[in-house]
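Here is the structure we will look at.
The values are calculated or read from the model by the stated rules, or taken from the named source; none is laboratory data. As the structure is a computational prediction, the values presented were derived from the model and not from experiment. No Cβ is skipped: glycine too gets one built from the backbone with ideal geometry, and neighbour counts run over all protein chains shown. All accessible areas refer to the heavy atoms of the entire protein, side chains included, with ligands and DNA or RNA removed. Shrake-Rupley method; radii C 1.70, N 1.55, O 1.52, S 1.80 Å.
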Amino acid sequence: MKKENGTILKGIGGFYYVRTDSGIVECKARGKFRKCAEKPVIGDRVTIEVQEDGTGYMMSIEPRKNKLMRPAVSNVDQLVVVCSAAPPVTETLLIDKVTAIAEYKEMDTIIAINKCDLDRGDRLYEIYTQAGFSVFRVSAQTGEGIDALRNQISGKVSAFAGNSGVGKSSLLNAIDPQFQMKTGTISPKTARGRHTTRHVELVELSGGGFIADTPGFSAFDTERMDLILKDDLQYAFREFEPYLNQCQFTGCAHVKEKGCVIRAAVEAGKIAKERHESYCQLYESVKDIKEWKLK
């Protein structure tokens, strides 16, 4: 028996597949993990004990840099939010829910406007470049922007999130053909995609780095925002930073208060109206949550 360090790439039916320097090892978690609250998740860096038959047991989990609750994945360097101005059009509120979580978890956030061959997504591009995000116009069909996005994710652990039908799986296939994901089709009646991704898995890129494909980010429903307390939410909107602590009244919620510098910045066009509207909706959803309820 020997000990090795590695990263969990996939977990299915109680088995974990851990990438080590000597290859991928099928592991089970020791019984102690069933008794503690901290369960292994995809992306965890772990120590395993390899048996004579080549299988292993997970012994310990290294401290995490960050962790998403739903879908469960850890140690993510950046979150790539795939959106579209072509049907099914992505609501900015969905994008902002995800970017807020990523900012709060100290992940870099990339915005990828897919299907730009059908609609350039000018307003989405304007909103998120103004907010300070790296924004890529991409097309899985024509190949536009694919090389630039591939370079952006090379050597990093990136999670991709996008509402169903936005072309996330097709985009991943274009970035690295090894994914060979089955793509869904759009329902003409609902203009919604049929979701095709069933579990989270870290896939190693041929050019270096990993991609964690995740379920559509409609899964990031409002109740997941309870991970961010109302007083912390303002810090999850990066373009608010220059104006924080400058409002007329201490403890300003930046929703409808008089003398709010952030609201003034919205009126002046320095902060996108859509972003502030998302902030207000998210604030409403978490305003009554107390810190002790999160424990």
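Basic side chains Lys and Arg get +1 at the Cβ, acidic Asp and Glu get -1 at the Cβ, and with that the dipole of the range 1-110 about its Cα centre reaches some 520 debye. Evaluate E = 1/(1 + (r/R0)^6) for K156 and F249, where r is the Cβ-Cβ distance and R0 equals 45 Å; express this FRET efficiency to the nearest 0.05. For K156 and F249, the calculated efficiency is 0.65.
Gain on full extension, evaluated as 0.36 nm per residue between S60 and K270 minus their Cα-Cα distance, stands at 70.8 nm.
Counted over the range 107-176 with a bin width of 10 Å, the fraction of Cα pairs per bin, in whole percents, is 20, 57, 23, 0. Remark: the range 54-111 is approximated by an ellipsoid whose semi-axes, taken from the C-alpha gyration tensor as √(5λ), come to 30, 14, 9 Å, largest first. Volume per residue for the range 24-66 equals 73 cubic angstrom (convex hull of Cα atoms). Counting only protein heavy atoms and a 1.4 Å probe, the range 57-148 has 39 square angstrom of accessible area per residue.
In the range 235-295, the alpha-carbon atoms span a convex hull of 94 Å³ per residue.
Using a cutoff of 8 angstrom between alpha carbon atoms and counting only pairs six or more residues apart, the relative contact order for the range 1-59 works out to 40 percent. Can you pull the percent of Cα pairs in the range 46-169 with separation above 16 Å? Result for the distance tail: 64 percent. For the listed peptides 131-137, 18-24, a ranking on the average number of other beta carbons within 10 Å per residue, highest first, reads 131-137, 18-24.
Taking the accessible area of the range 90-168, probe 1.4 Å, and keeping the other protein chains in place, the carbon and sulfur fraction comes to 41%. For the pair Q178 and D231 in one chain, pulling the backbone fully straight at 0.36 nm per residue adds 14.8 nm over the alpha carbon distance. Measuring spread by the Cα atoms of the range 11-112 yields a radius of gyration and Dmax of 17.2, 54 Å.
Within the accessible surface of the range 1-70, defined with a 1.4 Å probe on protein heavy atoms only, the carbon and sulfur portion equals 49 percent.
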